[in-house]
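Worksheet: one structure, shown below.
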Amino acid sequence: MKGDRVEIVVDAGDTTRTYEVVASRAGRRVETAVRRGVVEVSEVTRSGSVVRTARFMATRVLALVEQPVPREDASEGPPAGGPDPR
């Protein structure tokens with residue numbers, strides 16, 4: 001979903017570095033995968049095509065923070081303008 005983001009904090013020797021991968025357009029999402037000691041964070045289209053990928057050695061990754069866009073869900077709370085069904 002547009003606006004989804006993943007922040008990756010990496011150990012860079014004497015300091016840390018922070019990288020961000022953001023779903024930049026509508027219909028795109030950010031996916032993470034850990035395979036063979038490598039952390040991959042990819043921006044993916046609706047059809048599944050990878051737009052861009054960031055790869056990091058898993059031993060160097062200190063934190064992986066997924067920040068989804070707040071979504072409004074109609075199933076939460078009472079309907080707008082109506083009484084509480086309880």
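The values are calculated or read from the model by the stated rules, or taken from the named source; none is laboratory data. This is a predicted model, so every value here is computed, not measured. All Cβ positions, even for glycine, are placed from backbone atoms using ideal geometry, and neighbour counts span all protein chains on display.
Selection of the range 43-60 for residues being assigned to a loop (DSSP other than H, G, I, E, B) and either surrounded by 11 or more Cβ atoms within 10 Å (Cβ to Cβ) or in contact with a Leu (Cβ under 6 Å, 6 or more places away or on another chain) (or both) yields 45, 58, 60. Of all the numbered requirements in (1) modelled with pLDDT under 90; (2) assigned to a strand (DSSP E or B), residue 78 misses one, and that requirement is (2).
Select from the range 1-17 the residues that are within 14 Å of the chain's Cα centre (by Cα) and more than 14 Å from residue 32 (Cβ to Cβ) and write down the one among them that is surrounded by the most Cβ atoms within 10 Å (Cβ to Cβ).
Result: 3.
Within the range 13-42, the set of residues being in a strand (DSSP E or B) and under 11 Å from residue 3 (Cα atoms) comprises 21, 22, 29, 30.
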